[in-house]
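Below is one structure, written out as structure tokens; comments come after it.
Please treat every number below as a calculation from the coordinates, not as lab data. As the structure is a computational prediction, the values presented were derived from the model and not from experiment. Heads up, the Cβs are rebuilt from the backbone with ideal geometry, glycines too, and the neighbour counts pull from every protein chain shown.
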Amino acid sequence: MKKKIAIIFGITGQDGSYLAELLLNKNYIVYGIKRRTSLIHTTRIDHIYKDIHLKTNLILKYGDVTDFSNVFNLINEIKPDEIYNLAAQSNVGVSFELPEYTAQTDSIGTLRILEAIRILDKKRKIKFYQASTSEIFGNSPEKPYNEKSKFEPVSPYGTAKLYSYWMTRNYRDAYSMFASNGILFNHESPRRGENFISRKTIIGIIKVIKGQQKCLYLGNLKSKRDWGHAKEFVYAQWKILQHKVPDDFVIATGKNYSVKDLINLVLKKLNIKYAWKKDKNNFEYAVALNNIGQIQKSQIIVKQEKRYFRPNEVHDLVGDNRKAKKVLKWKPKINFEQLISEMINSDLKKII
Ligand code: NAP
Ligand code: F7E
């Protein structure tokens, strides 16, 4: 049987690496699109990458979704069965500092891929997956969020992703393209970027124990997120493209926790006794109640710091995954505590 060919835009990212593993296991030929960077950063996929000179099912190509001729030529040359658009400036906080670049990548980047497919694939054979996000719901009032909930994004990232969400639907309706959105809620793993809250907290607290940093500085502790495991969430991405018709799906666990719950769990798992206090500006901080590792009793180990607050915040995200469960037969199995334990164990091995 002819092997399926997939393009992954964003293969060097957290999801791209898990998706590449999944597709290779399913006997796909995978073309991974990576950006040119001054240092090679393929660490998340090095374990599956083989010498290009040998016969391999994983081929890496340079590409950037801000360059239409590049996107067009790649799709024209590779002639894929499936395209996964995971490429994005994916950090919500950073999107306030880089709003235009975020739009170029997260909005117009998607449009470039859709346009290339529209022009090249007259027979409408290519299936397109768009990495949409719970950030498009923003602070919309009715929770848990489902496929019919109102969109009210509150960041340049959420707004840019909403444009891509609608363009994916518009191209599906206008040109009969197989174009689907996965509206994914937060998902983490040992491969999560180091400046997202889960990984930042875990790495930060381990470093405080080892004496490599004095304190972990964070922003808003009150916001709540619906955190799942990236490995399970990329399986949903693949399932969305295997469904008989193109459609949009919320992918979430259905349970949410606050940032403070996350910190409490990490501190507990690392056997640190602590107490939360407030300073005169009402900023919270956690003080150690025991000596452990390099931490001295009474040391401030976690502290809120103004610079890590965002100009606007999504307060409370929780998803309703019933459609994905029913239609795709997708169901998350790994719970929040198991996810955080796996991440802690992985970073304990890395930080010596
Ligand atoms: P990630 O780790 O930040 O990976 C993003 C990928 O996009 C990286 O490979 C990155 O390359 C690439 N990229 C960035 N700008 C690009 C450009 N201009 N051209 C081509 N590639 C570019 O993100 P992730 O967590 O894997 O998420 C995957 C996708 O799902 C993203 O679109 C994200 O917005 C979306 N999403 C994520 C979550 C989540 O909780 N993880 C939830 C909902 C939606 P470099 O390695 O060179 O930076
Ligand atoms: O923040 C708060 C922050 O950056 C979670 C991306 O994958 O999921 C992710 O976006 C919460 C927010 O993820 C710090 O204010 C406090 O309330 O881990 P995060 P995010 O913004 O939810 C969605 C679904 C995506 O689509 C995105 O691509 O934690 N927080 N203090 C902090 N967050 C960070 N990063 N750093 C702090 O110091």
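Details
- Selection of segment 98-125 for residues being farther than 13 Å from residue 9 by Cβ, away from ligand 1 (no atom under 15 Å from the Cβ) and not in a loop (DSSP other than H, G, I, E, B) yields 115, 118, 119, 120.
- When 149, 180 are screened for being assigned to a strand (DSSP E or B), more than 16 Å from the chain's Cα centre (by Cα) and more than 13 Å from ligand 2 (Cβ to nearest atom), only 180 passes.
- Listed by position, the strands (runs of 3 or more DSSP E) inside segment 1-74 whose residues that are touching a Ser or Thr at 6+ places or on another chain (Cβ under 6 Å) number at least 1 are 29-34.
- For residue 272, the conditions (1) among the aliphatic types (A, V, I, L, M); (2) in a loop (DSSP other than H, G, I, E, B); (3) within 11 Å of ligand 1 (Cβ to nearest atom) are fulfilled apart from (3).
- Of everything listed in (1) in contact with a Phe, Trp or Tyr (Cβ under 6 Å, 6 or more places away or on another chain); (2) within 13 Å of ligand 2 (Cβ to nearest atom), the single unmet condition for residue 222 is (1).
Every residue, every condition in (1) out of contact with any Cys (no Cβ under 7 Å at 6 or more places or on another chain); (2) part of a helix (DSSP H, G or I); (3) on the phi > 0 side of the Ramachandran plot; (4) surrounded by 14 or more Cβ atoms within 10 Å (Cβ to Cβ), yes or no:
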position: 276; (1), (2), (3), (4): yes, no, no, no
position: 287; (1), (2), (3), (4): yes, no, no, yes
position: 301; (1), (2), (3), (4): no, no, no, yes
position: 307; (1), (2), (3), (4): yes, yes, no, no
position: 312; (1), (2), (3), (4): yes, no, no, yes
position: 323; (1), (2), (3), (4): yes, yes, no, yes
position: 327; (1), (2), (3), (4): yes, yes, no, yes
position: 332; (1), (2), (3), (4): yes, no, no, yes
position: 338; (1), (2), (3), (4): yes, yes, no, no
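- Of all residue pairs spaced 6 or more apart or on separate chains, those with beta-carbon atoms under 8 Å, a first member in segment 94-110 that is under 11 Å from residue 161 (Cβ atoms) and within 12 Å of ligand 2 (Cβ to nearest atom) and a second member that is in a helix (DSSP H, G or I) and basic (Lys, Arg) are 106/161.
- Counting the residues of segment 57-85 that are of a type in the set (D, E, K, R), buried (at least 16 other Cβ atoms within 10 Å of the Cβ) and touching a residue at least 40 places away in the same chain (Cβ under 8 Å) gives 2.
- Flag for residue 160 being of a type in the set (A, V, I, L, M) and free of Cβ contacts under 8 Å to residues at least 24 places away in the same chain: no
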